[in-house]
Each structure stands twice: as C-alpha cells, then as structure tokens.
Amino acid sequence: MRHDTLADVMITIKNAERVGKMECITPASNLVKEVLKVMQKQKYIGVFEFIDDGKSGKFKIELKNLVNKCNVIKPRYSVKSDEFENFEKRFLPAKGFGTLILTTNKGVMTHEEAKKQHLGGKLLAYVF
C-alpha cells in the first residue's frame, strides 16, 4: 500500500538516473501525471506513457540523465507569490538553477510560471 505516490515516483526517477538507466516504470496518478508534464516541459525527462495494468496503472518514463536531484517537499508548504525566494534558497542549490513545482488554482506549474501570473499555492516537489 502506497502512502505517497509522488514521493515514490521522484525517488524512482532519482535512483534510475543515478545508475544510468534510460527508462523507469513508476506508479501512476493524476497528480503524478501533471508533475511529469511539468518535468517534461522543463526538459528534465523525455516522453512518458501510461501503461494500464488493470489496477491504478503505471507510467513508463524516458530519462535524459539530466536530473541531479529531485524530491517531494514535505510538509506541503503554502506559499504566496512574493515568498518564492525563501523556498528557492532552501530547496534549490543556486538562484536560477532548478525548479520548484507547485499546485495552484490554475493547475500544476513551476515557481517561475506562478511568479509571472502572481499566483501562490502549495509546494509539491523540486528538481535540479
């Protein structure tokens, strides 16, 4: 029984990248799908596809060996549009390097997109 599917996915991606695999298979959910879309848009991963196994399903993810570290942020902090800098300092290695992924009322997006749209939300994960 999984308690945090997103955490399982991020750890699977990080471990597969570390050992040099070109693809990995992870559990699926709608939130995971949206986070993977953001990671794909930021060019951290390649294409991913849904595999129906009769249960909740799985994602097959093509890796590009560009992820140094990725993880979920627990607890899922609420952040306002003008507070991103504090969390960038906390979770990312340098300014302008890496991405915070958050959920807003407009969907899952990066912290840069949220800044441009003046949105706040809940932090989900980071990747660099």
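Under 8 Å for C-alpha pairs, at least 6 residues apart: give me the relative contact order for the chain, rounded to a whole percent.
Computed over the chain, the figure is 24 percent.
Using every pair of alpha-carbon atoms in the chain, split the distances into 5 Å bins beginning at 0 and state the percent of pairs per bin, rounded to integers.
Taking all Cα pairs of the chain, the binned fractions are 2, 11, 22, 24, 20, 13, 7, 2, 0 percent.
Would you mind checking the pairs 58/122; 43/89; 33/115; 60/122; 14/89; 58/116 and listing those with alpha carbons more than 29 angstrom apart? Write down the numbers at each step before the final one.
Details: 58/122 25 Å; 43/89 22 Å; 33/115 22 Å; 60/122 26 Å; 14/89 21 Å; 58/116 33 Å.
From 58/122; 43/89; 33/115; 60/122; 14/89; 58/116, over 29 Å: 58/116.
How much length, in nm to one decimal, is gained on full extension between residue 18 and residue 105, taken as 0.36 nm per residue of separation minus their Cα-Cα distance?
Full extension from residue 18 to residue 105 adds 27.9 nm.
Please report, in debye to the nearest 20, how large the charge dipole of the chain is about its Cα centre when each Lys and Arg carries +1 at its beta carbon and each Asp and Glu carries -1 there.
So the dipole magnitude of the chain works out to roughly 180 debye.
Each value in this text was obtained by applying a stated rule to the coordinates, not by laboratory testing. The model shown is predicted, which means the values in this text are computed figures rather than measured ones. Positions of Cβ are generated from backbone atoms using ideal geometry, with glycine treated the same way; all protein chains shown enter the neighbour counts.
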